[in-house]
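Attaching a single structure in structure tokens format; questions to follow.
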Amino acid sequence: MDLMRLDKYLALAGGCTRSEAKKMLRTGAVTVDGKVEKRPECKIDTEKNRVCLGGKNLEWQPFLALMFHKPAGCITATSDRSQRTVMDYISHERKGELFPVGRLDADTEGLLLMLNDGDMAHRMLSPKRHVDKTYYVRVEGRVTREDAEAFAQGVDIGEKNPTLPAKLVILNSGDLSEVELTICEGKFHQVKRMFAARGKHVSYLKRISMAGIDLDESLSPGQWRELTEEEKERLWSSC
Ligand code: URA
């Protein structure tokens, strides 16, 4: 049984602050199991009690997880005075609860997960967890088997230790090569620095998967959707 104060419940389920919740309670707009309830401290059983605001059922959705197809040209931050941020694209009613899991560079596109569960986000980013992230990468010049072997061994990107073993799949190799790279760390500019360590330049970078969740290719850059129940289960089991 999950018991919670009514004002906290309203804030989480209704996407408002606790003080806004208290104000709503005072107006008599909130009912619990059909009876007007004005006490913020009233304990709610999130599985059993039915809480309504203005006659409308407030769905209890404590865990919120979105996938966002980040376009190039915005920064991964919750706010910024001068630059466009990923949050500018999110119109979800509970947007205020969310924060991005990790960072993508301003010119990187692709999958960015956004959660309202700080502990889980923290676990996913922990260097100890080794959560897999896969990138589609366009690289100037030929990418070779030697590059794949070097990445499998670990390369020196100027940190204390070499990178952990990473998997490089060469899709095609030529003047402009296309590859998929899976890494289990998240160092600053890691993919670009790994290729730079091999004397190569990344011209396009897109994250296509993270923690077992694949980017939904039906989302255009700038679009988002909530994770499905099945994707949430996968996320929970991977971290
Ligand atoms: N590696 C990079 O170099 N940039 C990113 O945005 C993500 C991984």
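Here is a list of conditions, (1) part of a strand (DSSP E or B); (2) under 19 Å from D105 (Cα atoms); (3) away from the ligand (no atom under 16 Å from the Cβ), and I170 meets all of them except one; can you say which number that is?
With (1) part of a strand (DSSP E or B); (2) under 19 Å from D105 (Cα atoms); (3) away from the ligand (no atom under 16 Å from the Cβ) applied to I170, the lone miss is (2).
Scan the stretch 137-155 for residues that are within 16 Å of the ligand (Cβ to nearest atom) and buried (at least 19 other Cβ atoms within 10 Å of the Cβ) and jot them down.
Residues satisfying the conditions are V137, V139, V143, D147, F151.
Looking at L219, L181, L205, L235, which is the one that is outside any loop (DSSP other than H, G, I, E, B) and more than 16 Å from the ligand (Cβ to nearest atom)?
Criteria check complete, one pass: L235.
Right, another one. Surrounded by 15 or more Cβ atoms within 10 Å (Cβ to Cβ) and within 16 Å of the ligand (Cβ to nearest atom): which single residue out of M87, M194, M120 fits that description?
M194
Now for a different question. Among the numbered conditions (1) touching a strand residue (DSSP E or B) at 6+ places or on another chain (Cβ under 6 Å); (2) under 30 Å from E93 (Cα atoms), tell me where L125 comes up short.
Condition (1) is where L125 drops out.
Any read-out appearing in this document is the output of simple, stated calculations on the displayed coordinates, not a laboratory observation. Treat the numbers as computed from the prediction; the structure is a model and nothing was measured. Neighbour counts run over all protein chains shown; Cβ positions are idealised from the backbone, glycine included.
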